[in-house]
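Taking it in order: structure first as structure tokens, then the write-up.
Rule-based calculations on the coordinates, nothing more; no lab input. Values in this document were obtained by computation on a predicted structure and should not be read as measured data. Heads up, the Cβs are rebuilt from the backbone with ideal geometry, glycines too, and the neighbour counts pull from every protein chain shown.
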Amino acid sequence: MPLYDYRCAGCGDFREIARMAESGASRACPTCGAASERVLVAPFLGKDPCGLTPRPAGQPSVRGACGHGCSHSHHG
């Protein structure tokens with residue numbers, strides 16, 4: 001099953017596995033339980049989960065929703 005990204009208004013982004021037929025439905029935030037809507041993010045095209053691996057000269061950098069190449073939140 002594919003991974004989908006969701007956004008909780010209070011806690012931020014999270015990722016869950018869901019059936020494709022259920023991908024449009026809101027999901028409960030794993031932290032607070034609030035209904036959270038699916039968000040669309042840039043696809044991951046790098047090797048490291050945060051896109052921080054140095055790229056060869058001339059190769060463009062790819063940035064995702066968080067600015068680091070991934071779609072999750074970087075706050076503690």
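For the pair I17 and E37, the difference between a 0.36 nm per residue extended length and the Cα-Cα distance amounts to 5.8 nm. For the peptides 17-26, 34-43, the ranking by mean Cβ contacts within 10 Å, running from highest to lowest, is 34-43, 17-26.
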